[in-house]
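Heads up, the thing below is written out as structure tokens.
The values are calculated or read from the model by the stated rules, or taken from the named source; none is laboratory data. Since this is a predicted model, take the numbers as computed values, not measurements. All Cβ positions, glycine included, derive from the backbone under ideal geometry; neighbour counts span all protein chains shown.
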Amino acid sequence: MHITGLDEERHDQRWEGQRALVTGSGQGIGQAAAQLLASKGVRVAVNDIVPERAEATVGLITQAGGEAFAAPGDISNPSTVERVFQQLDEHYGGIDILVNNAGIIIKDTLDNTDLERWNRILAVNLTADFLTIKQAVRRMRTQHYGRIVNVSSIAAKH
Ligand SMILES: NC(=O)c1ccc[n+]([C@@H]2O[C@H](COP(=O)([O-])OP(=O)(O)OC[C@H]3O[C@@H](n4cnc5c(N)ncnc54)[C@H](O)[C@@H]3O)[C@@H](O)[C@H]2O)c1
């Protein structure tokens with residue numbers, strides 16, 4: 001469907017004031033997603049396991065005139081997830097958009113991968129999404145609105 005300039009503007013206005021959490025947004029794809037959302041007027045909670053990275057993304061967003069706060073921590077940890085959503089409630093009164101972007105990969109053979117590493121991959125790539133979606137859906141249901149994006153990889157198909 002073609003969107004004309006005016007429609008595009010109206011479309012963009014619909015983002016204004018919405019509230020997002022982007023996990024692992026201290027660099028890379030997550031950072032770009034957080035910046036893009038903020039440029040459309042979305043208020044963003046920037047999560048990353050490395051606090052300095054989260055702060056850096058917040059700096060980029062605020063310098064560009066957007067609104068964001070840092071919500072650092074390991075998103076596969078249930079207590080981090082609880083805290084991050086509490087912060088979202090306190091700062092913005094809830095959430096409209098969840099982007100589950102944080103992810104890690106094994107760059108090694110199966111033989112060389114130990115159980116600890118395997119469990120870590122599952123925790124960050126899978127359990128974290130389960131935890132954040134649970135918290136988000138609870139809030140989205142009561143407001144009858146919400147958008148959830150889970151970033152995967154072509155590797156998931158292999
Ligand atoms: N870059 C690619 O070509 C590519 C391809 C396929 C899929 N992906 C997926 O896209 C997503 C982002 O990729 P990227 O290349 O931007 O990754 P990246 O490694 O550049 O950035 C990921 C960020 O997530 C953070 N992070 C890692 N574990 C975390 C945790 N437990 N809690 C909170 N933050 C955590 C890291 O500190 C880092 O800042 C990942 O899920 C990745 O699997 C990327």
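Out of all the residues in segment 56-73, is one or more within 22 Å of R138 (Cβ to Cβ) and surrounded by fewer than 21 Cβ atoms within 10 Å (Cβ to Cβ)? Yes, segment 56-73 has at least one match. Could you please let me know if S25 is polar (S, T, N, Q) and touching a residue at least 24 places away in the same chain (Cβ under 8 Å)? Yes, satisfied.
Checking each residue in segment 44-65 for being in contact (Cβ under 8 Å) with a residue 24 or more places away in the chain and among the β-branched types (V, I, T) picks out V44, V46, I49, V50, T57, I61.
If the Cβ limit is 8 Å and pairs must be 6+ apart or interchain, which residue in segment 100-114 that is without any contact (Cβ under 8 Å) to a residue 40 or more places away in the chain pairs with which residue that is more than 8 Å from the ligand (Cβ to nearest atom) and not in a loop (DSSP other than H, G, I, E, B)? Between residues of segment 100-114 that are without any contact (Cβ under 8 Å) to a residue 40 or more places away in the chain and residues that are more than 8 Å from the ligand (Cβ to nearest atom) and not in a loop (DSSP other than H, G, I, E, B), the close pairs are I104/R120; I104/I121; I106/R117; I106/W118; I106/I121.
Note on segment 32-65: residues that are part of a helix (DSSP H, G or I), out of contact with any strand residue (DSSP E or B) (no Cβ under 8 Å at 6 or more places or on another chain) and under 17 Å from V124 (Cβ atoms) amount to 1.
Please pick out the residue among A71, A33 that is near the ligand (Cβ under 10 Å from one of its atoms), among the aliphatic types (A, V, I, L, M), touching a helix residue (DSSP H, G or I) at 6+ places or on another chain (Cβ under 6 Å) and modelled with pLDDT of 95 or more.
Numbers: A33 fails: touching a helix residue (DSSP H, G or I) at 6+ places or on another chain (Cβ under 6 Å).
Only one candidate qualifies: A71.
Go through segment 50-64 residue by residue and tally those that are more than 12 Å from the chain's Cα centre (by Cα) and within 11 Å of the ligand (Cβ to nearest atom). Steps first, answer last, please.
Just the residues of segment 50-64 that are more than 12 Å from the chain's Cα centre (by Cα), to begin with: 50-53, 55-64.
Adding the requirement that they be within 11 Å of the ligand (Cβ to nearest atom) leaves 50-53, 56-57.
So the answer is 6.
If you scan segment 78-128, which residues turn out to be in a loop (DSSP other than H, G, I, E, B), of a type in the set (A, V, I, L, M, F, W, C) and within 18 Å of G146 (Cβ to Cβ)? Once the filter is applied, which keeps residues that are in a loop (DSSP other than H, G, I, E, B), of a type in the set (A, V, I, L, M, F, W, C) and within 18 Å of G146 (Cβ to Cβ), segment 78-128 yields only I95. If you go through segment 88-116 and pick out every residue that is modelled with pLDDT of 95 or more and within 14 Å of the ligand (Cβ to nearest atom), you end up with 7. Among the residues of this structure, R19 does not count as one that is modelled with pLDDT under 95 and charged (D, E, K, R). Among residues of segment 140-158 that are part of a helix (DSSP H, G or I) and modelled with pLDDT of 95 or more, those with a beta-carbon under 9 Å from a residue that is surrounded by 10 or more Cβ atoms within 10 Å (Cβ to Cβ) and among the aliphatic types (A, V, I, L, M) at least six positions away or on a different chain give the pairs M140/I95; M140/L98; M140/I148. Considering the conditions (1) in a loop (DSSP other than H, G, I, E, B); (2) more than 15 Å from S25 (Cα to Cα); (3) of a type outside the set (V, I, T), G73 is excluded by exactly one of them, (2).
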